[in-house]
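Shown next, in structure tokens, is the structure this report addresses.
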């Protein structure tokens, strides 16, 4: 069973943006020190990619992306993943992209 589903990929400010829904066990977030719910989250992450000598490399700047809880669940299931994906709207994605950092200081 897949734990994530890519919803959309697009380009903005000379960077690629990946939008995905994934499952998280929840618990304490080490970066913020706050408790997070178990469930399905929407992630929006800008990145750059390049091809070098037969392999591809993806570069991500720390703390440049954002995430949002879509659906709190007791356990992981394929049906709940599809339900969470169906909740994602273009307006939601646009709002989250506005909070991303697109600094190309890589």
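If you take the square roots of the eigenvalues of the alpha-carbon gyration tensor of the chain and sort them as a ≥ b ≥ c, do you get rounded (a/c under 1.5), prolate (a/b over b/c) or oblate? If you can, show how the numbers build up before the last one.
Working: a/c = 1.71, a/b = 1.57, b/c = 1.09.
Prolate, since a/c reaches 1.5 and a/b exceeds b/c.
How high is the relative contact order of the range 1-103, given as a whole-number percent (alpha carbon pairs under 8 Å, six or more residues apart)? Don't skip to the answer; put the middle values down first.
Working: 184 pairs, mean separation 26.8, N = 103.
For the range 1-103, the relative contact order is 26 percent.
Would you kindly state how much longer the chain becomes between residue 31 and residue 47 on full extension, computed as 0.36 nm times their sequence separation minus their alpha carbon distance, in nm to one decimal?
3.8 nm
Please determine, in degrees from 0 to 90 and to the nearest 10, the orientation of helix 78-87 with respect to the longest principal axis defined by the Cα atoms of the chain, where the helix direction is its Cα long axis.
So the inclination is approximately 70 degrees.
Just so you know, all these numbers are worked out from the coordinates, no wet-lab data involved. The structure presented is a predicted model; accordingly, all values stated were derived computationally and were not measured.
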